Amino acid sequence: MHLLFVSSLLPERKPATGFEIANTAIARAYEANGARVTFAGFRRPGAERPAGPHVDLGELLIENAEANGAQKLGWLVAALRSGLPVGAAKLRTVDERDLLARIERAGPFDALVLSSVQMPIAYPALMQLGPTIFVAHNVEHRSAAEMGTSATSPATRLLYRREARLLRAHEAWACKSASAVHSLSATDAADLGLSGDRRSVVLPLTVGHGTSGLGDAGLRAFDVVLIGTWSWAPNRVGVDWFVHEVAPRLDPALAIGIAGRFDGAPPPAPGSVRFLGRVPDAQAFLRSGRVVALPMRGGTGVQLKTIETLEEGLPAVATSSSLRGIGTALPSNIRVADDAAAFADALTELVARERAGEPLRLDGQAFAARQRAELERGVRRGLELAGLSAELASVPSDFEHRALAS
């Protein structure tokens, strides 16, 4: 069984964002089900090509954190001229016929996995190549609408409302056109209009660590740690809330470390907060803190850092939004708080207990194994909906016949 995994960015050997980590986990689940996976996408400027089979669409800068003002203005102008959402307009740099020709040379394929809606919006002919499995990492139109509500500038509000309107239509089209649709939480499936749709399959995610707190060396650089891609607007809302509303309520003697890239300057913060930028080892950084703060205030999809925290068995304080897709059976070292004062109080409690020597780190291996098994099961169901299974893997599909004929 040969699958083409289409994403905006080709996988890097060390994934840098939650989106890339999720793509890697999903691709591994396909491989665990016997599939051979070929990736297609762009590369970050200067990034190495993947080691495995892939269709390289060239270098492309698409992340806000790496772009200057002129580049961002260019993306906006391109979006307005083309009638596309900004995220899709960024990707519209290759002639569609050339893109399809490159894909056909790498085939034949049994099906396409379209990871996120932006690539099929930019290149709609992808949906016509054969059986497609659409993976909705987020409900993009709802996230855009939320950002429009929280924006302070009238112009920004208008732009987000435009994004929400366009994305809603394109997401509905992608869901309707696909043989199977994977979302990352039941809430997202409902927001995509897929409640009761047999083609809808929720995928639990795994980061793949599943370590045991029993091997903790006890080394701590920070009392509280946060990490994320803060250049993504919903994440930025969460870290701003933490810095402005939660951090001032904490003892100034607590050391707070915040890792991850910002689009522009980090928010003004109390002296106890250190902004570290992108760290070389996210897993080691999380382990260096006594307690993890998970401050999401909205958005959609799931938080990979929440899943990583649970797989590591780390104590944490999380908002309800940070726990989307996790379920209600939370470990005993997790606190849930949506109010800033309650969030600060919970952090204070856990930090004090950890400083006193109480072993708050748990064994996350069972959680990781359960997530991985459910992910592989969900991927397998999606393949069945696309007309594929281990028994059918050796039988040429209609897509293979079309690719061979061309």
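Considering only the stretch 1-65, give the strands (runs of 3 or more DSSP E) lying wholly within it that have at least 2 residues that are crowded, with 22+ Cβ neighbours inside 10 Å and in the same structural domain as Gly387 (by TED's automatic domain parsing).
Where strands (runs of 3 or more DSSP E) fall fully within the stretch 1-65 and carry at least 2 residues being crowded, with 22+ Cβ neighbours inside 10 Å and in the same structural domain as Gly387 (by TED's automatic domain parsing), they are 2-9, 36-43.
Is it true that some residue in the stretch 231-240 is crowded, with 17+ Cβ neighbours inside 10 Å, of a type outside the set (S, T, N, Q), in the same structural domain as Ala341 (by TED's automatic domain parsing) and in a loop (DSSP other than H, G, I, E, B)?
Yes: the stretch 231-240 contains one or more residues that are crowded, with 17+ Cβ neighbours inside 10 Å, of a type outside the set (S, T, N, Q), in the same structural domain as Ala341 (by TED's automatic domain parsing) and in a loop (DSSP other than H, G, I, E, B).
Of all the residues that make up the stretch 264-313, how many are farther than 22 Å from Glu66 by Cα and assigned to a strand (DSSP E or B)?
Within the stretch 264-313, residues that are farther than 22 Å from Glu66 by Cα and assigned to a strand (DSSP E or B) number 7.
Can you list residue pairs whose Cβ atoms sit under 9 Å apart, with the first residue in the stretch 148-160 being surrounded by 13 or more Cβ atoms within 10 Å (Cβ to Cβ) and the second being among the acidic types (Asp, Glu)? Count only pairs 6 or more apart in sequence or on different chains.
Close Cβ pairs satisfying both conditions: Gly148/Glu163; Tyr160/Glu146.
Collect the residues in the stretch 151-170 that are of a type outside the set (A, V, I, L, M) and in contact with a helix residue (DSSP H, G or I) (Cβ under 6 Å, 6 or more places away or on another chain), keeping them in residue-number order.
Of everything in the stretch 151-170, those that are of a type outside the set (A, V, I, L, M) and in contact with a helix residue (DSSP H, G or I) (Cβ under 6 Å, 6 or more places away or on another chain) turn out to be Arg157, Tyr160, Arg161, Glu163, Arg168, His170.
All but one of (1) at pLDDT 95 or above; (2) within 25 Å of the chain's Cα centre (by Cα); (3) crowded, with 22+ Cβ neighbours inside 10 Å hold for Asp223; state the number of the condition that does not hold.
(2)
Keeping to the stretch 299-321, report how many residues are on the phi < 0 side of the Ramachandran plot and touching a Gly at 6+ places or on another chain (Cβ under 8 Å).
Total satisfying the criteria: 10.
Checking the condition in the same structural domain as Ser200 (by TED's automatic domain parsing) and either outside any helix (DSSP H, G or I) or modelled with pLDDT of 90 or more (or both), which residue from Arg377, Arg335 passes?
That would be Arg377, the only listed residue that is in the same structural domain as Ser200 (by TED's automatic domain parsing) and either outside any helix (DSSP H, G or I) or modelled with pLDDT of 90 or more (or both).
For the stretch 276-324, which positions are of a type in the set (D, E, K, R) and under 23 Å from Ala189 (Cα atoms)?
Restricting attention to the stretch 276-324, the residues satisfying the condition of being of a type in the set (D, E, K, R) are 278, 281, 287, 290, 297, 305, 308, 311-312, 324.
Within the stretch 276-324, Arg297, Lys305, Glu308, Arg324 qualify.
Residue by residue through the stretch 79-123, note down the ones that are in contact (Cβ under 8 Å) with a residue 24 or more places away in the chain, surrounded by fewer than 16 Cβ atoms within 10 Å (Cβ to Cβ) and farther than 18 Å from Asp56 by Cβ.
Within the stretch 79-123, just Gly83 meets the criteria.
Being closer than 26 Å to Leu323 by Cα and either part of a helix (DSSP H, G or I) or hydroxyl-bearing (Ser, Thr, Tyr) (or both) is true for just one of Ala174, Ala155, Ala164. Which residue is that?
It is Ala164.
Looking only at the stretch 185-203, which residues are among the hydroxyl-bearing types (Ser, Thr, Tyr) and in a loop (DSSP other than H, G, I, E, B)?
Ser185, Ser195
Go through the stretch 266-284 and report how many residues are buried (at least 20 other Cβ atoms within 10 Å of the Cβ) and more than 19 Å from the chain's Cα centre (by Cα).
Within the stretch 266-284, residues that are buried (at least 20 other Cβ atoms within 10 Å of the Cβ) and more than 19 Å from the chain's Cα centre (by Cα) number 1.
Which residues, taken from the stretch 241-263, are without any contact (Cβ under 8 Å) to a residue 60 or more places away in the chain and either touching a Lys or Arg at 6+ places or on another chain (Cβ under 6 Å) or surrounded by fewer than 18 Cβ atoms within 10 Å (Cβ to Cβ) (or both)?
Result: His244, Pro248, Pro252, Ala253, Ala255, Gly257.
It is to be established whether one or more residues within the stretch 26-40 are over 25 Å from Gly301 (Cβ atoms) and not hydroxyl-bearing (Ser, Thr, Tyr).
Yes: the stretch 26-40 contains one or more residues that are over 25 Å from Gly301 (Cβ atoms) and not hydroxyl-bearing (Ser, Thr, Tyr).
Out of the residues in the stretch 254-263 that are of a type in the set (Gly, Ala, Ser) and in a loop (DSSP other than H, G, I, E, B), state the one that is nearest to Gly238 (Cα to Cα).
My answer is Gly260.
The values are calculated or read from the model by the stated rules, or taken from the named source; none is laboratory data. Keep in mind that what you see is a predicted model, and the values were worked out from it rather than measured. Using ideal geometry, Cβ is built from the backbone for each residue, glycine included, and neighbour counts are taken over all protein chains shown.
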